[in-house]
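The values are calculated or read from the model by the stated rules, or taken from the named source; none is laboratory data. Since the structure is predicted, the reported quantities are computational estimates derived from the model, not experimental observations. Cβ sites come from the backbone with ideal geometry, for glycine too, and all protein chains shown count toward neighbours. The area values use the complete protein model at the heavy-atom level, side chains included, leaving out ligands, DNA and RNA. Shrake-Rupley method; radii C 1.70, N 1.55, O 1.52, S 1.80 Å.
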Amino acid sequence: MPAGLFATLVVAALTLLGIGARHQVHGDWNALHALLSLFLSINLLICYWEICLFLRRDLVETRTAYWREWRKRTGRTPAVEFLRARVPLVRLLSPTVWADVWAAYSQYDGSYADRRTFGFNVDIVNGFLTPVPTLIVYAACTFRFLPAVLTGIVGVILFWQVMYGASVYLVSFFVAGRQARISRRELYTWIVAPNSPWMAGGLLGVYVSIRLITDGDYSVLGY
């Protein structure tokens with residue numbers, strides 16, 4: 001199965017799980033809840049990739065050099081090649097496989113092949129610290145098993161951290177002048193576009209979380 005297809009299916013399954021569970025329990029659906037389900041599902045997948053980055057950090061450095069030479073030799077895009085590469089079913093959850101996504105991405109931002117950088121370390125921290133609050137907020141917004149105020153507090157902490165981390169990462173990228181090493185197309189395709197949803201999703205999550213606290217209920221999500 002192509003790596004990109006598997007990642008898409010994982011996100012789709014996790015998102016539909018939340019939307020379907022809400023419909024099964026409450027008999028309705030809500031656009032904000034659906035958007036949060038999508039964003040939190042993506043975050044869960046990325047968290048796993050970030051854990052793989054830490055577990056296979058030496059491999060990432062080695063594979064970064066491999067992709068660099070491959071790119072010079074073929075003139076093709078490493079990120080696209082990785083997403084199209086077929087992964088055997090028995091290796092679909094292999095940390096070695098998914099660590100390679102960072103080696104491919106390092107062709108546009110070398111910080112992921114350098115464990116001294118902010119980008120490398122902020123993603124590792126996100127990978128280990130945010131899965132639990134992500135699951136808590138996801139489940140609470142779907143089943144309402146926690147008081148809305150408590151869910152909102154956890155949500156503010158989670159979504160602010162996500163938004164802040166993405167914002168500082170983008171600032172550090174431009175301050176370091178890494179945009180000068182890639183084309184404008186690569187900049188928008190592989191840096192701006194993939195990172196913008198983290199700020200947009202973080203802002204949406206902060207808004208919903210504040211409403212959960214101030215309203216004292218789940219009405220912002222249509223309950």
Quiz prompt | Conditions (1) at pLDDT 90 or above; (2) open to solvent by 20 Å² or more (accessible area, probe 1.4 Å); (3) among the charged types (D, E, K, R): number failed by ARG116 | solution = (1)
Quiz item: Out of all the residues in the stretch 57-78, which are assigned to a helix (DSSP H, G or I) and basic (Lys, Arg)?
Solution: ARG57, ARG63, ARG68, ARG71, LYS72, ARG73
Quiz prompt | Subset tally (residues that are surrounded by 19 or more Cβ atoms within 10 Å (Cβ to Cβ) and at pLDDT 95 or above) for the stretch 157-185 | solution = 2
Self-check item: Subset of the stretch 170-195 (residues that are of a type in the set (Val, Ile, Thr) and over 17 Å from the mean Cα position of the chain (by Cα))
Solution: VAL171, VAL175, ILE182
Exercise. Specify which of the listed residues (PHE128, PHE145) is open to solvent by 70 Å² or more (accessible area, probe 1.4 Å) and either within 14 Å of the chain's Cα centre (by Cα) or closer than 19 Å to GLY202 by Cα (or both).
Key: PHE128
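Residue-wise test of (1) open to solvent by 50 Å² or more (accessible area, probe 1.4 Å); (2) without any contact (Cβ under 8 Å) to a residue 24 or more places away in the chain; (3) small (Gly, Ala, Ser).
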residue	(1), (2), (3)
LEU38	yes, no, no
LEU45	no, no, no
TYR48	yes, no, no
ARG56	yes, no, no
ARG73	yes, yes, no
ARG76	yes, yes, no
Quiz item: For the stretch 8-56, how many residues are farther than 19 Å from SER196 by Cα and either out of contact with any Leu (no Cβ under 9 Å at 6 or more places or on another chain) or assigned to a helix (DSSP H, G or I) (or both)?
Solution: 29
Quiz item: When you go through ARG63, ARG22, ARG91 one by one, which is the residue that is surrounded by fewer than 16 Cβ atoms within 10 Å (Cβ to Cβ), modelled with pLDDT of 90 or more and basic (Lys, Arg)?
Solution: ARG91
Quiz item: Does the stretch 148-162 contain any residue that is more than 21 Å from THR214 (Cβ to Cβ) and over 14 Å from the mean Cα position of the chain (by Cα)?
Solution: no
Quiz item: Taking the stretch 100-125 only, how many residues are within 14 Å of LEU53 (Cα to Cα), of a type outside the set (Phe, Trp, Tyr) and more than 14 Å from the chain's Cα centre (by Cα)?
Solution: 12
